[in-house]
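Take a look at the structure below.
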Amino acid sequence: MSDTRIAFIGAGNMAASLIGGLRAQGLPATAIRASDPGAERRALIAAEHGIELFADNAEAAAGADVVVLAVKPQVMKAVCQALAIHLRPEQLIVSIAAGITCASLEAWLGERPVVRCMPNTPALLRQGVSGLFANPRVSAAQRQQAEQLLGAVGLALWLDEERLIDAVTAVSGSGPAYFFLLMEAMTAAGERLGLPHDSAAQLTLQTALGAARMATESGVDAAELRRRVTSPNGTTEAAINTFQAGGFEALVQQALDAAARRSAELAEQLGR
Ligand SMILES: NC(=O)C1=CN([C@@H]2O[C@H](COP(=O)(O)OP(=O)(O)OC[C@H]3O[C@@H](n4cnc5c(N)ncnc54)[C@H](O)[C@@H]3O)[C@@H](O)[C@H]2O)C=CC1
Ligand SMILES: O=C(O)[C@@H]1CCC=N1
């Protein structure tokens, strides 16, 4: 990975997470470039990560082995159409945009090796997880480059079918926000039960961290871990019964369905 040169087109939140993860893994600052139209954003990312930033996307992409498209889905078409003539055929295109298909990217960029992926923001701490799909033009070596890029910031899982990216987006791409929402709600509820804000927040966050580590490190599945906390007729049971009476599982399904549907809708609306 250390001799792979990576250019990020768009230096927003997700690009910064990936850049932070790559830098933390030891990728030299000179191997990474990025572009962004925002002067303040460029200054911030340059200061935080020590990499070179450009206002011009083509300048950032020049000489890169891997060009990561990290702009919002809504501007992807214009960005790709302007960039297309500046790209070389052997450059690997990696798109992290929600709801932008490989077919759309190839319509805008010309036929190219494209890996479409869906990472998530814990990439910043190298605790991310991504789903990846490669179009048939991606070579075995480029697959490895993409896997190393996303693998540098967490788990990278290949998908056989592109349509499964919508499900990955619903589960893990948007997923951190669901846990943050639960943290916000638990902190607020703890405060209403009389705890000072800071204590409610600390109790919530450490519980989230401890539960996540138990679920990932114990080798015991979440349902069994939950049973072990839930004493018959005890306090947890009172809370879980309340969640379930409110339709918790059905609500989670509806929320993830909505996210997956939105991903497919974006592909439909923005892909032309
Ligand atoms: N935020 C997240 O958790 C995740 C986001 N994504 C995807 O990552 C992409 C970026 O999302 P965020 O980083 O959240 O958005 P963001 O808004 O933080 O970043 C987008 C950046 O692109 C820049 N930009 C705007 N026009 C540009 C242009 N013409 N050329 C170059 N750069 C331009 C903006 O100034 C901004 O800094 C989106 O396509 C999103 O679907 C994927 C997975 C997770
Ligand atoms: O909300 C979004 O559209 C992006 C994609 C996944 C996470 N954030």
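The values are calculated or read from the model by the stated rules, or taken from the named source; none is laboratory data. Not measured: the values here are computed from a predicted model. Glycine gets a Cβ as well: all are built from the backbone with ideal geometry, and neighbour counts include every protein chain shown. With ligands, DNA and RNA removed, areas are computed over all heavy atoms of the protein, side chains included. Shrake-Rupley method; radii C 1.70, N 1.55, O 1.52, S 1.80 Å.
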* To do: May I ask you to verify whether residue 256 is of a type outside the set (Asp, Glu), surrounded by 12 or more Cβ atoms within 10 Å (Cβ to Cβ), within 16 Å of ligand 2 (Cβ to nearest atom) and assigned to a helix (DSSP H, G or I)?
  => yes
* Asked: Only one of (1) modelled with pLDDT under 95; (2) more than 20 Å from the chain's Cα centre (by Cα) fails for residue 51. Which number is that?
  -> (1)
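Looking at 171, 153, which one is open to solvent by 60 Å² or more (accessible area, probe 1.4 Å) and within 16 Å of ligand 1 (Cβ to nearest atom)? Lay out the reasoning, then the answer.
Values: 153 fails: open to solvent by 60 Å² or more (accessible area, probe 1.4 Å).
None of the other options fit; the residue is 171.
Which residue out of 226, 192, 213 is more than 20 Å from residue 179 (Cβ to Cβ), at pLDDT 95 or above, assigned by TED's automatic domain parsing to the domain that holds residue 179 and open to solvent by 60 Å² or more (accessible area, probe 1.4 Å)? Give the steps one after another, and end with the answer.
Numbers: 226 fails: more than 20 Å from residue 179 (Cβ to Cβ); 213 fails: more than 20 Å from residue 179 (Cβ to Cβ).
Checking each option against the conditions leaves just 192.
Among the residues of the range 1-32, which ones are assigned to a helix (DSSP H, G or I), more than 16 Å from ligand 1 (Cβ to nearest atom) and out of contact with any Ser or Thr (no Cβ under 9 Å at 6 or more places or on another chain)?
Looking only at the range 1-32, we keep the residues that are assigned to a helix (DSSP H, G or I), and these are 13-24, 29-31.
Imposing the further condition that a residue be more than 16 Å from ligand 1 (Cβ to nearest atom) reduces the set to 23-24, 29-31.
Result: 23, 24, 29, 30.
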* Structure fact -> So the strands (runs of 3 or more DSSP E) completely within the range 52-133 holding 2 or more residues that are farther than 21 Å from residue 27 by Cβ and either among the hydroxyl-bearing types (Ser, Thr, Tyr) or more than 16 Å from ligand 2 (Cβ to nearest atom) (or both) are none
* Asked: Looking at residue 231, is it assigned to a loop (DSSP other than H, G, I, E, B) and more than 22 Å from the chain's Cα centre (by Cα)?
  -> yes
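Among the residues in the range 28-48, are any in contact (Cβ under 8 Å) with a residue 40 or more places away in the chain, open to solvent by less than 50 Å² (accessible area, probe 1.4 Å) and among the small types (Gly, Ala, Ser)?
To start, the set of residues in the range 28-48 that are in contact (Cβ under 8 Å) with a residue 40 or more places away in the chain comprises none.
The answer is no; no qualifying residue exists.
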* Asked: Of the numbered conditions (1) within 21 Å of residue 80 (Cα to Cα); (2) in contact with a Lys or Arg (Cβ under 8 Å, 6 or more places away or on another chain), residue 56 satisfies every one except a single condition; which is it?
  -> (2)
* To do: Say whether the condition of being surrounded by 17 or more Cβ atoms within 10 Å (Cβ to Cβ), closer than 18 Å to residue 144 by Cα and within 8 Å of ligand 1 (Cβ to nearest atom) is met by at least one residue in the range 96-106.
  => yes
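Looking only at helices (runs of 4 or more DSSP H) that fall completely inside the range 153-224, which ones have 1 or more residues that are within 16 Å of ligand 2 (Cβ to nearest atom)?
The helices (runs of 4 or more DSSP H) meeting that bar are 164-168, 175-192.
Go through the range 54-72 residue by residue and tally those that are of a type outside the set (Val, Ile, Thr) and buried (at least 22 other Cβ atoms within 10 Å of the Cβ). Write out each step before concluding.
Looking only at the range 54-72, we keep the residues that are of a type outside the set (Val, Ile, Thr), and these are 54-65, 69-70, 72.
So of that shortlist, the ones also buried (at least 22 other Cβ atoms within 10 Å of the Cβ) come out as 57, 60-61, 69-70.
The number of residues fulfilling the criteria is 5.
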